[in-house]
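K.L.:
Before I ask anything, let me first share the structure, which is written out below as structure tokens.
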Amino acid sequence: MAKTLLSVQIIPHTDGGADYDSYVDKAIEVIKQSGVNYQVHPLETTMEGELSELLSIVEQMNEKLIESGIESVVSQVKILHRPGGTSMDSMTEKYQ
């Protein structure tokens, strides 16, 4: 079982003419390629895994967007770390 849940909202700083959604899609593609379990929500994406791995993915997301030509990226991150394990399902099962 994963020890960490990490939710991230990526906010690309564009020149106003760029398509915001295309940058978010690129960030989510980084998560998808990582192989971690994740869920996309309207305002953020949540991932399950080991803390160091998830932080590395956030770093890769930021780098990918900068490589795509934007000026800067704001990443808002929330972390739940439980050494005994946690999962998205266990935290939301009563709402399913």
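The values are calculated or read from the model by the stated rules, or taken from the named source; none is laboratory data. Just so it is clear, the structure is predicted and the values come from calculations on it, not from any experiment. For neighbour counting, all protein chains shown are included, and Cβ atoms are generated from backbone atoms with ideal geometry for every residue, glycine included.
K.L.:
Does segment 1-35 hold any residues that are surrounded by 11 or more Cβ atoms within 10 Å (Cβ to Cβ), free of Cβ contacts under 8 Å to residues at least 12 places away in the same chain and either part of a loop (DSSP other than H, G, I, E, B) or among the small types (Gly, Ala, Ser) (or both), and which are they?
P.N.:
Across segment 1-35, the qualifying residue is only 22.
K.L.:
Being hydroxyl-bearing (Ser, Thr, Tyr) and either surrounded by fewer than 16 Cβ atoms within 10 Å (Cβ to Cβ) or over 24 Å from residue 85 (Cα atoms) (or both): is that true of residue 38 here?
P.N.:
On the way: hydroxyl-bearing (Ser, Thr, Tyr): yes; either surrounded by fewer than 16 Cβ atoms within 10 Å (Cβ to Cβ) or over 24 Å from residue 85 (Cα atoms) (or both): no.
No, not satisfied.
K.L.:
If you check residue 56 against the conditions, is it under 13 Å from the mean Cα position of the chain (by Cα), exposed (fewer than 14 other Cβ atoms within 10 Å of the Cβ) and at pLDDT 95 or above?
P.N.:
Values: under 13 Å from the mean Cα position of the chain (by Cα): yes; exposed (fewer than 14 other Cβ atoms within 10 Å of the Cβ): yes; at pLDDT 95 or above: yes.
Here the answer is yes, as residue 56 does meet what is asked.
K.L.:
Further question on the same structure: Can you say whether residue 86 is touching a residue at least 40 places away in the same chain (Cβ under 8 Å), of a type in the set (Ser, Thr, Tyr), out of contact with any helix residue (DSSP H, G or I) (no Cβ under 8 Å at 6 or more places or on another chain) and surrounded by 12 or more Cβ atoms within 10 Å (Cβ to Cβ), as far as the supplied structure shows? Explain how you work it out, then say what you get.
P.N.:
Values: touching a residue at least 40 places away in the same chain (Cβ under 8 Å): yes; of a type in the set (Ser, Thr, Tyr): yes; out of contact with any helix residue (DSSP H, G or I) (no Cβ under 8 Å at 6 or more places or on another chain): yes; surrounded by 12 or more Cβ atoms within 10 Å (Cβ to Cβ): yes.
Criteria met by residue 86.
K.L.:
When segment 10-43 is examined, which residues are found to be on the phi > 0 side of the Ramachandran plot and within 15 Å of the chain's Cα centre (by Cα)?
P.N.:
The initial filter retains those residues of segment 10-43 that are on the phi > 0 side of the Ramachandran plot, namely 16, 35.
If the condition is that a residue be on the phi > 0 side of the Ramachandran plot and within 15 Å of the chain's Cα centre (by Cα), then 35 is the only one that fits.
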